[in-house]
Amino acid sequence: MTVQNIQKGEVLPRHLAIIMDGNGRWAQQRGEIRVKGHKEGANAVYRIVKHSALIGINTLTLFAFSSENWKRPITEVNALMELFAFSLKKEAKELHQNNIKVRIIGDKSKFSKSLQKSISYIEELTSNNSAMTLNIAANYGGRADITKAFIDIAKEIESGNLSSLDIDEALIQKNLYEPLDVDLLIRTGGEKRISNFLLWQVAYAEIFVTDTLWPDFDIKDIDEALDFFSKRERRFGMTSSQIKEQK
Ligand code: FPP
């Protein structure tokens with residue numbers, strides 16, 4: 001989707017979420033070690049973040065490391081942590097100059113102290129930015145996200161700030177790491193799975209799965225996904241004619 005198309009009024013997702021899959025396969029196809037695929041994947045991250053901000057996406061959430069990814073070989077986990085720390089340091093200034101707010105969503109307590117420091121630095125540096133919010137989901141799980149929301153609500157009830165009668169969907173949603181509903185979920189690498197990503201927030205998301213492996217994911221691929229999205233009729237449980245009457 002080009003800037004011109006958007007000016008013509010094509011509908012953009014407010015919250016775009018991406019499961020970046022296929023780094024390992026990309027490397028294996030080239031006879032390289034998996035880490036090479038992650039490094040190339042980081043370049044795709046830079047491209048897609050820049051493009052998303054340019055076209056006016058409000059919130060972009062990228063699945064960088066799941067709470068299950070610790071089960072990978074230790075060398076791969078360490079390489080991913082290093083790449084993550086390196087990318088945060090390398091890109092902090094440019095993200096800030098582009099007015100992008102960066103947040104890391106997930107359980108940060110498992111990361112090394114130095115990575116936690118880099119995370120706090122970029123989060124504080126960019127906290128007042130408003131062009132786009134970039135959520136990087138790291139040590140993130142959708143069920144853990146919902147469980148954390150319940151725990152936070154229970155604590156508020158215990159301290160007398162809330163009553164159990166206050167519990168409703170809006171309150172649970174407000175307590176998630178990222179409360180905004182996902183409009184478009186993209187998964188690269190061809191698998192048709194949610195993989196415990198933003199479980200609550202994808203309730204009404206349009207889903208676009210592409211065989212393209214994440215390191216190859218380019219502007220034309222995101223444009224294809226955005227074109228798909230702009231043509232969807234989002235019914236939220238209603239009928240097609242009800243939606244047309246609303247317009
Ligand atoms: C999935 O591919 C990818 C990951 C588990 C890691 C994602 C990390 C990056 C894109 C690089 C760094 C991130 C940032 C935010 C700078 P896979 O390894 O599961 O691929 P496979 O299915 O082909 O094995």
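Numbers below:
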item: Residues that are touching a His at 6+ places or on another chain (Cβ under 9 Å) and surrounded by fewer than 21 Cβ atoms within 10 Å (Cβ to Cβ), drawn from segment 27-58; result: 58
item: Residue among 52, 66 that is at pLDDT 95 or above, touching a Leu at 6+ places or on another chain (Cβ under 6 Å) and not β-branched (Val, Ile, Thr); result: 52
item: Subset of segment 194-212 that is without any contact (Cβ under 8 Å) to a residue 40 or more places away in the chain and open to solvent by 40 Å² or more (accessible area, probe 1.4 Å) - its residue that is nearest to residue 25 (Cα to Cα); result: 211
item: Any hit, segment 82-96, residues being within 16 Å of the ligand (Cβ to nearest atom), under 21 Å from residue 201 (Cβ atoms) and out of contact with any His (no Cβ under 7 Å at 6 or more places or on another chain); result: no
item: Test for residue 130: is it more than 20 Å from residue 42 (Cβ to Cβ), touching a strand residue (DSSP E or B) at 6+ places or on another chain (Cβ under 9 Å) and not hydrophobic (A, V, I, L, M, F, W, C); result: yes
item: Residues within segment 30-41 that are out of contact with any Pro (no Cβ under 9 Å at 6 or more places or on another chain) and either β-branched (Val, Ile, Thr) or within 9 Å of the ligand (Cβ to nearest atom) (or both), tallied; result: 2
item: Residue among 104, 122 that is within 23 Å of residue 186 (Cα to Cα) and touching a helix residue (DSSP H, G or I) at 6+ places or on another chain (Cβ under 7 Å); result: 104
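The values are calculated or read from the model by the stated rules, or taken from the named source; none is laboratory data. Everything numeric in this text was worked out from a predicted model, so none of it was measured. Methodologically, a virtual Cβ is constructed for each residue, glycine included, from the backbone with ideal geometry; neighbour enumeration extends over all protein chains shown. Side chains are part of the model used for accessible areas, which takes the heavy atoms of the whole protein and leaves out ligands, DNA and RNA. Shrake-Rupley method; radii C 1.70, N 1.55, O 1.52, S 1.80 Å.
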